[in-house]
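What follows is a single structure, written as structure tokens, with notes after it.
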Amino acid sequence: MSETNTGLAKDLKITKKGAGSDAKRMAKQSLFARIMHRPESGAVSGLIFVYVFFMMFASGSGMFSADGLMNIFKVAAELGILAVSVSLLMIAGEFDLSIGSMVALAGLIIGVGVTKLGMPLPLAVMLAFVCSMAIGAFNGYLVVRTKLPSFIVTLASMFILRGLAVAVTRLLTGKTQISYVVNELNQNSFVVSLFSGHLFTGFFQYLAEHGVIGIRDDGLAVVQGIPVSIVWWFAITALATWVLLRTSFGNWIFATGGDANAARNMGVPVSKVRIMLFTFSALTATLFATIQVLESGSADTLRGIQKEFEGIIAAVIGGSLLTGGYGSAVGSMFGALIFGTVQIGMFYTGIDTDWFKVFLGVMVLLAVLFNDYIRKMATSSR
Amino acid sequence: MVPVIELADVRKTFGSVIALDGVSFDVKPGEVHCLLGDNGAGKSTLIKVLSGVHQPSQGTIRVGGKEVLFKSPRDAYSEGIATVFQDLAMLPLMSITRNFFLGREPTKGRGLTKRFDVKRADDITRAEMERIGIDIRDPGQAVGTLSGGERQGLAIARATYFGAKVLILDEPTSALGVHQASMVLKYIDKARSDGIGVVFITHNINHAYPVGDRFTLLNRGRNTGTYKKADITRDEILFVMAGGEDVSSLLEKMPGVEV
């Protein structure tokens, strides 16, 4: 290396080509550090903590038996279906507080459709999806058009939709509850098995008969099979994860939440992204509602209360940033699983369930602090 | 040589304020044309006219000798005029690759299996960054981890890759330290050697002079002269920029200060 002396200063250092890169100068990150930088890391460590906790205090209670675990997953699945769309919206920098009311409304559309309008069940379910997705798109349109925070816009729709659900149902049926939505006329409809019941029942019965899982006195397995809701939960989470990480649209979701202006400058159709995500959030609310109605056979104006907040809790625990631009769909799955585990675990350990909300609140606070730390780590120049 | 972009006698007014008053300006392929001027000289307005954000009140814009009207930045972009604004249109929480291809993601497959070709995008990003002189260890790392200079480099590499004929850089060195700024000057030099016409906006003559081929000095919305490097010295540019005040004599009174 020949140092060219320009005669200006003795310690003049000339930056050689390629040496100006700081990125390569960084020490190679350890595997642990890389894993810790994933958005899901907080939720996974939270989940491990929760399981260690309940294994210590509830190991003999049957919580970790086949039916205990299935109960946990069932609770998690219902919330998880909502949490997926909540986290996508949150990554795009938006909230949808109307999903709880949407759950009630969609269920009542199915109920009224079947019992009052005499619709076949598949048609009523389809009507519920079409109506609520149209409302979801309208939510998105309002947010895009008015440029108001989605928090306010959907807070309004949360009340409007809940009020509509109660008022119209009472007007049409005189009650706030609709029973016999699934009845002897439609209980064999394909939509019933599409949204409720269990899969692999034969296999589980086989396991029970061979003593792998418990068997009831009447000779049936304690766990009949995999509840369909869990399959929906996994499928929709997998789909959302694929969209988020492996499609252009996923890239646009991140960009919309990260900096809508910058995204727009790069040609991302920000408004379209937002409207589509609000529509998707209405879709998951209706999926949740359909599962509930077909499982229980009835619709109720009180369904879905506080689900909007539980969804946000699962998404935040799952590592999605409230400010947008960062997060994961898989994370919301872990968030929902923590939720389900604690709820069922408290029942098995005999801890007063009044403490459930206290625990949730603390969990959210910890998750937000952790996410904030991760965000700072990710954006600081190293 | 035909300029890649040319402004002829452009005037831009905002109400009664005259932001640009009959400015002519052009860039040829493979040259760095520095646009110098103090705050309020009209630099920002000029680049906004060049990039299609503003439309001139009078005067014409020609691209490759052909008169054009940019209705939006998108129009300018499709003519190959890429502007790197100070905010860089970067998302710090997203990966280098995702930023590089934002809005123009390469896909493979079709129909329902149409997907973001992450592998190809990563490879292109790494290669393009390498070409400009930045070695990135992992194209999946967040842009937030890059230094200011490297982010400028990424923005320049991105514009170049997507076929920019003209690269407009708005104060790319202003927020950077000495080392980072010199890196950006190297990226500019690299873009020039690729045959791109670069408009380099700055108020720092120390950054402009080493890399510039021509210098246009703006003052109060007017073009006070365009000079080839051979025709003007650094101090002369400074003299014009300071509005005729003798900066060196001013500085002599302040020992230890160098511009």
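At full extension, B:N204 and B:A127 could sit 24.6 nm farther apart than now, given 0.36 nm per residue minus the alpha carbon distance. Round to the nearest 10 and give me the degree value, 0 to 90, for the angle of helix A:355-379's Cα axis relative to the longest principal axis of chain A. Approximately 30 degrees, to the nearest ten. Taking a spot 7 Å from the Cα of A:Q177 along the direction of its beta carbon, which residues of segment A:106-136 have an amide N less than 18 Å from it? So the set is A:107-112, A:115-116. Note on B:S72 and A:Y141: the model spin-label points, each 7 Å out from Cα along the C-beta direction, lie 2.0 nm apart. Take each residue of peptide B:93-104, count the partner chain Cβ atoms within 10 Å of its Cβ, and average: the result is 6.
Here each label is just a point 7 Å from Cα along the line to Cβ, and for B:R110 and A:T353 those points are 5.4 nm apart. Calculated on C-alpha atoms, the gyration radius of segment A:40-371 divided by its Kirkwood radius gives an Rg/Rh of 0.99. When shorter helices are ignored and each DSSP H run of at least 4 residues is given -39500 (n - 2.57), the per-residue value for chain A at 222 nm works out to -22000 deg cm²/dmol. Placing a label point 7 Å from the Cα of A:D67 along the Cα-to-Cβ line, the residues of segment A:189-222 whose backbone N sits under 11 Å from it are A:214-222. Restricting attention to the protein assembly as shown, close to 60% of DSSP beta bridges with both partner residues there are antiparallel. Between helix A:270-296 and chain A there is an angle of about 30 degrees, using the helix long axis and the longest principal axis of the Cα atoms. Oblate is the label for segment B:62-149, because the ratio a/c of its alpha-carbon gyration tensor axes (a ≥ b ≥ c) is 1.5 or higher and a/b is not greater than b/c.
Extension gain for B:K28-B:D194 works out to 58.5 nm (0.36 nm per residue, less the C-alpha to C-alpha distance). Placing R0 at 35 angstrom, the Cβ-Cβ distance between A:V362 and A:A167 gives a FRET efficiency of 0.40 after rounding to 0.05. Only lysine pairs 8 or more places apart or on separate chains count here, and in chain A those with Cα atoms under 22 Å apart total 10. Counts of other chain beta carbons within 10 angstrom of each beta carbon in peptide B:220-232 average 0.
Estimated from the Cβ-Cβ distance and a Förster radius of 41 angstrom, the FRET efficiency linking A:A238 and B:D135 is about 0.70.
The simple spin-label model puts a point 7 Å past each Cα toward its Cβ; for A:S296 and B:A8 those points are separated by 7.5 nm. With a cut-off of 15 Å, note down the residues of segment B:145-161 whose backbone N falls inside the zone around a label point 7 Å from the Cα of B:A175 toward its beta carbon. Flagged as within label range: B:145-156.
When the alpha carbon gyration tensor of segment A:279-366 is reduced to an equivalent ellipsoid, the three semi-axes, largest first, read 22, 21, 11 Å. Full extension of the segment from A:V231 to A:R216, taken as 0.36 nm per residue of separation minus the current Cα-Cα distance, would add 2.9 nm. Spatially, segment B:9-83 and segment A:135-190 are offset by 52 Å when compared through their Cα centroids. Lysine pair count for segment B:120-254 (Cα-Cα distance under 26 Å; residues 8 or more apart in sequence or on different chains): 8. Separation of segment A:332-354 and segment A:246-277, taken as the distance between their Cα centroids, equals 35 angstrom.
Quick check on the protein assembly as shown: take the gyration tensor over C-alpha atoms, sort the square-rooted eigenvalues as a ≥ b ≥ c, and tell me if it's rounded (a/c under 1.5), prolate or oblate. Judged from the Cα gyration tensor, the protein assembly as shown comes out prolate (a/c at least 1.5, a/b above b/c).
Shape verdict for chain B, please, from the Cα gyration tensor: rounded (a/c under 1.5), prolate (a/b greater than b/c) or oblate. It comes out oblate by the Cα gyration axes.
Every number in this text was worked out from the coordinates using simple rules, so none of it is lab data. As the structure is a prediction and not an experimental result, all values here were calculated from the model. Cβ: placed from backbone, ideal geometry, glycine included. Neighbour counts: every protein chain shown.
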